[in-house]
């Protein structure tokens, strides 16, 4: 055991869990007899938490590789074209600068979210400890359940690795959704058809998202609407609902429609139906 400092606290450089254990034991033995005691442990707990986390640089490298891997699969190898029937590789390549900008933006957003989650987890841990420590009477207490208290103090940081993986996964889904949206906008998509993973084992789909499966949403202001060829169907406009991937952990996806003939009949105006017929005759 390291020697005590001038305040009687151990100079501990061990793991976060060891520091928490020693802090709880010290407060149980001595109680809240001074702010210096609590503040000294708060400082140690903060340092131990930071010391025992995966280095930010390591996480950043993992994030970069995850997002770049998605970019290579969807953009460089053209994987996203399956969501855009009729769109050529030439069009995808033309939009690549905007897609690359989205890659850089998503990497930065993901890193910032993980950094904020880390800060929040540390502050939540320190707040819990301070609140508990200042409730112990001077002189200590024999009524504290050590195991339960340690479990409570560890909650925020114990769940952090899971939350960091969740952020990376969720940001990956958002990245793919935004890449598709950029291409759809540039290529002149008329509508988006919603797809859901509802019913798949292990996937807890939102009820509202499951109900959207198979619905076709008109993209407001598309060229066909400007020419009076289309109108919203029963599903309405795409921007009237949250987009695929927008909500946390949403894994839904959309396929985009570019031709009048692929739209549901109720989305064509009289003028649109006439235009479709004219094109058929001309062909």
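Any read-out appearing in this document is the output of simple, stated calculations on the displayed coordinates, not a laboratory observation. Note that the coordinates shown come from a computational prediction; the quantities given were computed from them, not determined experimentally. Cβ coordinates were reconstructed from backbone atoms using ideal geometry, including for glycine residues, and neighbour counts include every protein chain displayed.
Before moving on, here are some points about what is shown:
- log10 of Debye I(q)/I(0), alpha-carbon scatterers only, for the stretch 188-283 at 0.19, 0.21 Å⁻¹: -0.85, -0.97
- Each peptide in 157-168, 132-143 gets a packing score, the mean of other Cβ atoms within 10 Å over its residues, and the list from highest to lowest is 157-168, 132-143.
- Ranking of 51, 89, 44 by count of other Cβ atoms within 10 Å, fewest first: 89, 51, 44
- Axis angle, to the nearest 10 degrees, between helix 56-71 and the longest C-alpha principal axis of the chain: 10 degrees.
- The length gained by stretching the chain between residue 146 and residue 72 to full extension, at 0.36 nm per residue less their Cα-Cα distance, is 21.6 nm.
- Helix 270-282 axis, angle to the chain major axis (alpha carbon atoms, nearest 10°): 60 degrees
- The chain: relative contact order in percent, alpha carbon pairs under 8 Å with at least 6 residues between: 20 percent
- Sorting the segments 210-219, 57-66 by their residues' average number of neighbouring beta-carbon atoms within 10 angstrom, most packed first, yields 210-219, 57-66.
- For the stretch 188-283, averaging the sequence separation of C-alpha pairs within contact (under 8 Å, six or more residues apart) and dividing by the residue count gives a relative contact order of 34 percent.
- Nearest-0.05 FRET efficiency for residue 259 and residue 61, computed from C-beta distance (R0 30 Å): 0.10
- The antiparallel fraction among DSSP beta bridges confined to the chain stands at about 90%.
- Calculated P(r) of the chain - Cα pairs past 27 Å, %: 57 percent
- Helix 35-52 axis, angle to the chain major axis (alpha carbon atoms, nearest 10°): 50 degrees
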